[in-house]
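Taken together, the values in this text are just the output of simple stated rules run on the coordinates, not laboratory data. This is a predicted model, so every value here is computed, not measured. Cβ: placed from backbone, ideal geometry, glycine included. Neighbour counts: every protein chain shown.
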Amino acid sequence: MKLFDRLRDALKKSPRQPAVPEPAAKATLQEPREAIRQAGHRHLDRHWQAVGNLEPDVIAYLISPGLTGGPAWPSTRQAYRVVRRGESVLLASDGLSDPFDDVEGGGNGFEMELFIETADLAAPFRGRAGEVDPLKGSWAFELLEHVAGTVADAGGISAQLEQYGALSLELPGVSQSRAIGEQLPGHFVTEDDCIGVLLGGVDPDFPTRLDDMPLSPVTLVPVVLITAAELEYIRAGGGQARNELVTRLQALGWQALTRLPREAVV
């Protein structure tokens, strides 16, 4: 099975939000679309600047994957921001909340952006202040990149998150990955070559709701890596086990949770 195919299937089996969110009254797409998009970027930048040291450069593609057969984001722009927070590096998608290029009306795209934070990237992959390209070789970027593409391919996951509070997903084919298999400690990988993640549910130590976006509110959704034991716990117990895991992980505190050398909480 191709890497992350099961993640894509899991989202497609869940109730999906409409491809185009209901329009909000704060702004209209009669305004120049690019002006609205840039206003949204400024709002996001201000938020990330309050969270940590936001790198001025983005991680981007020469050609958008959406133009070459990959999952399509709301616009042709697909990028990632880098925020440095002391020992931690936070990577965030930048474009999932852009207004749709080819749809009249609607809100801020999928009304969400994804992020992952970790204090455990090897020096060659975290780079120094002012550098973002080395991060492309990290497990954290590969994980976020695939999850963002899958969320876009599913048409967003706001409805699923609203219904379940958090999503637990398993990503197979770790041994085929570009960086994850080599860089993650073995206790995150199951015997059948999977890793598990939570989307949402665990609150970080900063606000995740942006009500001042131009067209509609946007939620910042954490991508939380879980251990192999925690994934097996969810496999055995389903939604109830997932909710219990979320509660236990939340009790760790955000900065403790983003460390790789941590014990399973189950």
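The GNM of the chain, with springs linking C-alpha atoms under 10 angstrom apart, assigns the highest mean-square fluctuation among THR227, THR150, THR247 to THR247. Between THR247 and ALA119, the distance separating the two model label sites (each 7 Å from Cα on the Cα→Cβ line) works out to 2.6 nm. Using 1/(1 + (r/R0)^6) with R0 = 25 angstrom and r between the beta carbons of ASP133 and THR76, what's the FRET efficiency to the nearest 0.05? Taking R0 as 25 Å, the efficiency between ASP133 and THR76 is 0.75.
If I take all pairs of Cα atoms in region 166-266, what percentage of them are more than 17 Å from each other?
54 percent
Ignoring solvent entirely, what values of log10 I(q)/I(0) come out of the Debye formula for the chain at 0.12 Å⁻¹ when each Cα is a single scatterer? So the normalised log intensities work out to -0.69. When each of the peptides 40-52, 212-224 is scored by how many other beta carbons lie within 10 Å of its residues on average, the order from highest to lowest is 212-224, 40-52.
A simple spin-label model places pseudo-atoms 7 Å from Cα toward Cβ; at ASP211 and ARG33 they are separated by 3.0 nm. Gain on full extension, evaluated as 0.36 nm per residue between ALA60 and HIS187 minus their Cα-Cα distance, stands at 42.6 nm. In the chain, the calculated helix contribution to ellipticity at 222 nm averages -10000 deg cm²/dmol per residue, counting -39,500 (n - 2.57) for every DSSP H run with n ≥ 4.
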